[in-house]
1. Which longest uninterrupted range of chain A lacks any trypsin sites (Lys or Arg not before Pro) assigned by DSSP to a loop state (not H, G, I, E or B) and surrounded by at most 16 other Cβ atoms within 10 Å?
2. Trypsin sites (Lys or Arg not before Pro), restricted to the stretch B:729-829: which are DSSP loop and have at most 12 other Cβ atoms within 10 Å?
3. Could you check the simple spin-label distance between B:GLU24 and A:ASP103, using points 7 Å along Cα→Cβ, in nm with one decimal?
4. Taking chain B as the reference, fit the longest principal axis to its C-alpha atoms, fit the long axis of helix B:521-533 to the helix C-alpha atoms, and give the angle between the two in degrees, 0 to 90, nearest 10.
5. Give me the angle, in degrees from 0 to 90, between the Cα long axis of helix B:575-588 and the longest principal axis of the Cα atoms of chain B, rounded to the nearest 10.
6. Can you give me the distance in nm between label points at A:THR53 and A:THR14, each placed 7 Å from the Cα along the Cα-to-Cβ direction?
7. Using Cα atoms only, what is the angle between the long axis of helix B:460-473 and the major principal axis of chain B, expressed in degrees (0 to 90) to the nearest 10?
8. As an exercise, use a Förster radius of 30 Å and the Cβ-Cβ distance of B:HIS713 and B:SER60 to find the FRET efficiency, rounded to the nearest 0.05.
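Any read-out appearing in this document is the output of simple, stated calculations on the displayed coordinates, not a laboratory observation. For clarity, every value in this text was computed on a predicted model and none was experimentally measured. FYI the Cβ positions are ideal-geometry reconstructions off the backbone, even for glycines, and counts take in every protein chain you see.
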Amino acid sequence: MTNATAAAPTTTATWQPLCSRDDLVPHSGVAAWLETADGPAQVALFYLPGQDTELYALDHRDPFAGANVIARGIVGDLDGEPVVASPLYKQHFRLRDGRCLEDETVHLRTWTVRFDDDRVMILA
Amino acid sequence: MNEPQLIIIGNGMVGHHLVEQLIERGATAQYRITVFGEERHRAYDRVHLSEYFAGRDAQSLALCDADFYATNGVELRLHEAVTAIDRDRAEVVTDQGRYPYDRLVLATGSYPFVPPIPGHERDNCLVYRTLDDLDAIRAAAENATTGVVVGGGLLGLEAANALRGLELDTAVVEFAPRLMPMQVDAEGGELLREKIESLGVQVLTDRATQRIEDGEASFHRMVFQDDKVLETDLIVFSAGIRPRDELARDCALEMGERGGVVIDDRCLTSDPAILAVGEVALWNDSIFGLVAPGYRMAKAAADTLCGGETTFTGADMSTKLKLLGVDVGAIGDAHGNRNPSARTFRYLDEIKQEYRKLVVSGDGRKLLGAMLVGDNATYDTLMQYYANGLELPEDPASLILPSTEGAPTLGADALPDGATICSCHNVTKGAICATLDAGATDLGAVKAETKASTGCGGCAALLKSVVDHELEARGVEVDQSICEHFAHTRQELYDIVRVEGIKTFGELIDRHGHGLGCDICKPAVASILASCFNEPITDAAHIPLQDTNDTFMANMQKNGTYSVVPRVPGGEITPDRLVVLGRVAQKYGLYTKVTGGQRIDLFGARLEDLPDIWGELIEAGFETGHAYGKSVRTVKSCVGSTWCRYGVADSVGMAIRLEHRYKGLRSPHKLKFAVSGCTRECAEAQSKDVGVIATEHGWNLYVCGNGGMRPRHAELLATDLDDAQLIQAIDRFLMFYVRTADRLQRTSVWRENLEGGLDYLREVVLEDSLGIGDELEAQMRTVIDAYECEWAGALNDPEKLKRFRSFVNDARPDPDIIVTEERGQLRPA
Ligand code: SRM
Ligand SMILES: Cc1cc2nc3c(=O)[nH]c(=O)nc-3n(C[C@H](O)[C@H](O)[C@H](O)COP(=O)(O)OP(=O)(O)OC[C@H]3O[C@@H](n4cnc5c(N)ncnc54)[C@H](O)[C@@H]3O)c2cc1C
Ligand code: SF4
Ligand code: FES
């Protein structure tokens with residue numbers, strides 16, 4: 001027989017609607033306000049129509065400048081990896097996992113997002 | 001578990017470099033390494049300490065990641081000072097215990113010397129060496145309005161700059177008769193003083209402080225030898241550094257007469273179990289107060305500990321600095337007092353405030369030293385002559401005399417293999433060639449392999465030219481592609497766009513590139529498309545290509561807000577319009593400043609307020625000023641014949657005409673114009689991309705001038721033109737530049753790279769030698785005809801306005817934008 005141990009309490013993420021497809025700007029980013037169990041977050045949403053992954057959600061806050069501007073960066077790819085360049089000091093962040101290419105110790109948070117018809121859903 | 005214990009005391013720049021060198025040599029398998037650091041912070045970049053005041057934090061100054069030591073199996077004990085070395089028991093002692101060592105390295109650096117002036121221990125008497133020192137200065141500055149730096153050497157001037165940055169009225173007090181007595185001579189010192197005083201820093205030389213006491217108007221009063229006094233709220237001492245050799249002294253290691261732990265070529269002290277490196281070490285009777293020699297000692301010490309061969313054989317103390325924005329360079333025997341037979345050449349320009357001195361050998365063939373104040377452009381070349389013992393040209397003075405071609409440069413090919421390219425990491429041209437021969441194919445690979453240019457960064461330009469040159473010599477084509485998405489230069493993309501009539505980025509990348517594009521090629525292509533077709537940059541197809549400034553048609557500021565700069569053609573503005581600007585600024589809480597381009601900048605606009613602000617401005621007749629674009633900025637004017645008693649033509653009228661003609665033209669880089677009403681040149685036209693000066697007979701046209709980072713005088717392209725000729729020449733000149741320049745290349749740099757020089761440019765523009773004059777003019781016509789104010793266009797289009805929302809799903813403003821008041825206006829908190 002095994003003893004049941006209580007699982008550490010975790011806040012379970014749920015899918016919640018964030019905005020609509022119309023709010024997005026193709027090949028670019030917009031910012032959205034997200035309420036989570038840990039408090040509010042500012043999310044940068046990038047929309048790359050026609051790509052394998054069309055939608056990405058990352059922190060809107062630029063950790064280098066401390067300003068909320070990431071959604072206003074230029075998106076593109078470097079070595080095949082989709083990235084956004086911070087509009088202030090131009091560091092690149094991978095859309096996939098938020099990692100900063102110029103400084104491995106710096107990450108943006110990322111969220112899982114998907115389309116539900118024309119709604120943008122986020123797991124948070 | 002019986003590995004020998006290696007203890008390093010001091011986690012400063014050199015101590016850290018030693019750990020890196022040890023790890024590189026696999027020393028962690030051989031020793032158990034423990035590092036003690038007295039400061040709270042792990043090793044950080046002291047050389048760039050001052051950037052802490054300019055916004056960099058401790059994290060970004062750190063020399064390694066937080067887990068670097070742990071990951072590599074080195075124990076780092078911060079905030080734990082070593083208080084004694086017990087050589088009999090081979091232990092070091094701290095407040096927390098005793099630690100046995102087999103080998104010990106002293107890397108304790110130095111401390112700022114505070115002269116024992118009565119009163120030096122008062123509150124608000126500070127020093128400038130560590131992050132904690134800077135925190136203390138910042139805190140003291142909160143309640144201060146004036147500051148004094150005692151000591152006018154290199155670090156003193158840096159501290160003075162920091163005080164100025166903290167908005168204190170700043171003075172420098174130097175004991176010697178001139179500033180930087182170590183680096184410059186009397187003439188250079190005088191020039192330096194003038195320059196620094198013109199920046200608003202008071203300079204007092206020949207001043208010995210006798211005592212510091214309570215002040216009347218300020219916190220302190222400093223009393224000098226002649227009973228003169230100076231009141232100030234805070235004092236920073238920067239009167240030299242002294243080695244932190246107290247541990248070594250107490251345990252009776254051999255010391256220098258004036259301090260410092262004596263070491264040999266292998267960095268061993270008089271006790272062979274103990275080594276010393278960095279600023280605490282005394283080699284051949286010298287202390288080296290720079291980081292590059294310290295790094296070389298660290299290398300030698302690592303070899304000594306791991307059985308390698310490298311030794312420390314001294315280091316060059318040449319320095320190239322920018323202090324308070326003033327260039328200062330000292331190479332080798334700059335004073336010429338170490339070589340009795342030396343002769344000097346000197347050049348002093350009191351107008352431009354430049355001073356250069358060469359110290360050459362008696363036979364005039366070798367450079368022994370040099371001193372530069374005001375302009376370091378010749379430093380790299382002189383350094384190469386000096387460091388590599390190159391034969392001087394017939395007339396050495398040509399190296400320091402002003403020349404119209406800019407500073408003479410020594411081509412990368414002229415350097416011998418032994419030439420040091422990067423002195424921080426001691427990388428020679430030979431070492432660079434070796435990595436290329438071993439398969440490195442680009443600059444990045446050379447940097448990664450040799451570490452060249454990863455220290456102070458001063459050698460970056462030279463390194464690039466050596467690498468490019470050597471690659472070419474090896475038959476490797478140096479890749480001039482704009483980025484990884486297009487195997488084309490900007491000029492090639494420009495031609496493709498025009499020839500194939502391509503109108504969107506998507507089309508271009510599908511046909512001629514691959515991938516998604518990036519922040520290099522997207523704005524460059526956007527600019528090309530705009531130069532060719534001038535479609536609104538706010539169109540859906542172009543929006544994702546632009547830098548944020550172009551996207552939101554405003555300049556992003558450091559806190560994510562924007563600045564708004566309406567066009568004020570020629571700098572002429574009616575009182576009514578001025579009132580409108582004032583009212584709008586008041587209503588939206590915008591910081592207001594007159595710019596260097598004769599217009600008014602409104603700072604701090606929130607993204608979501610931009611459309612309303614522009615709505616009101618356009619209503620009052622304003623247009624966008626394109627302050628955000630690589631495009632025509634301003635046409636500056638002087639008042640000219642309408643009012644000025646000397647004016648020979650209506651310079652304001654011509655400026656306004658030119659500004660309206662070319663506004664909206666997008667180009668490889670920004671374009672600035674000016675028009676002056678007579679030869680007195682109050683509009684400074686000769687520093688602009690396009691400068692026009694009225695003459696008795698028409699207009700003189702100057703081109704390719706630049707202010708900014710590397711000022712360049714404009715050159716006279718044509719004289720005595722009438723209005724129509726003037727405009728034709730400018731049309732052609734601008735379009736020729738737009739066609740052929742590289743991305744982000746100002747006209748000045750483009751002109752310097754233009755084969756055939758000014759004569760060729762004259763032929764193309766004035767004589768139409770390429771037969772493209774009509775075409776260039778027609779193309780300008782297209783741009784001019786397609787002009788519309790981007791802001792007016794955007795305001796009429798709800799789809800375009802959708803982007804101006806703080807959040808797409810919430811109307812609240814960004815709560816993190818916080819402002820505070822200063823001098824009666826708002827600024828970021
Ligand atoms: C506002 C202003 C300073 C001021 O308070 O007076 C200014 C502000 C900026 N300048 Fe400037 N420059 C301003 C006049 C100048 C001048 C003087 C002039 O135009 O007469 C110069 C030297 C002249 C020249 O360019 O040749 C100047 C040389 C630069 C440079 C260096 C350019 C160069 O080629 O060396 C940069 C950096 C760049 O463009 O890469 C720069 C860049 C900038 C940027 C855009 C930096 C940035 O990316 O944030 C600043 C942002 C402005 C903003 O947010 O609105 N600014 N800048 C001036 C705006 C003029 C205007 O009305 O449009
Ligand atoms: C403002 C400023 C600007 C500079 N600019 C330049 C420049 O442009 N170019 C250049 O080449 N150099 C410059 N320098 C000098 C350069 O920073 C030094 O040469 C370099 O830091 C020396 O390294 P170090 O490791 O010997 O000493 P440090 O970097 O001073 O490190 C010594 C460390 O040891 C610690 N320590 C001392 N005693 C003990 C103890 N008993 N126990 C534990 N820890 C101890 C200290 O707290 C310190 O952290 C500048 C210095 C300053 C302050
Ligand atoms: S440049 Fe000549 S016309 Fe213009 S303000 Fe100066 S003196 Fe007067
Ligand atoms: S000279 Fe300092 S990095 Fe090369």
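1. Values: sites that count: A:LYS90, A:ARG96, A:ARG109.
Answer - A:1-89.
2. B:ARG823
3. Once both label points are built, they end up 2.4 nm from each other.
4. 20 degrees
5. Helix B:575-588 sits at roughly 50 degrees to that axis.
6. The answer from the label model is 2.6 nm.
7. That works out to roughly 80 degrees.
8. Efficiency, from the Cβ-Cβ distance: 0.20.
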